[in-house]
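Quick notes on the structure that follows.
Bear in mind that the values in this text are calculations on the coordinates, not laboratory data. Only a predicted model underlies this, so the values are computations on that prediction, with no experimental measurement involved. For neighbour counting, all protein chains shown are included, and Cβ atoms are generated from backbone atoms with ideal geometry for every residue, glycine included.
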Amino acid sequence: MEFQLMSHESWIPCEVVADEDQTRFWVRNADTTGEFFRTKEELITWIQSYWDRDKFLVPEQYDELLNRLTHSPD
């Protein structure tokens, strides 16, 4: 799964990749810094700790991101 969310902080979208088959889990922040993770659970925990739904132009996209990540099959 790949997601892009537009932040109030930048015109560059935040990105999230959760690819179970290739074992790729990462985020790119609005300032273009990134974080890499070993598991989907680590990715979800980081998103919940460092991002807030009000950070995004469409807060419902943040909700959908977490919903899809937490309810997708492993």
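The set of residues in the stretch 1-50 that are of a type in the set (Phe, Trp, Tyr) and more than 12 Å from LEU69 (Cα to Cα) comprises TRP11, TRP26, PHE36, PHE37, TRP46, TYR50.
Residues in the stretch 51-74 that are without any contact (Cβ under 8 Å) to a residue 24 or more places away in the chain and surrounded by 14 or more Cβ atoms within 10 Å (Cβ to Cβ) were compared, and the one that is farthest from the chain's Cα centre (by Cα) is ARG53. Any residue at all in the stretch 36-50 that's loosely packed, with under 11 Cβ neighbours inside 10 Å and closer than 23 Å to ASP21 by Cα? Yes; the residues of the stretch 36-50 include at least one that is loosely packed, with under 11 Cβ neighbours inside 10 Å and closer than 23 Å to ASP21 by Cα. Give the residue, chosen from ARG38, ARG24, ARG28, that is touching a Gly at 6+ places or on another chain (Cβ under 6 Å) and either free of Cβ contacts under 8 Å to residues at least 40 places away in the same chain or of a type outside the set (A, V, I, L, M, F, W, C) (or both). On inspection, the qualifying residue turns out to be ARG28.
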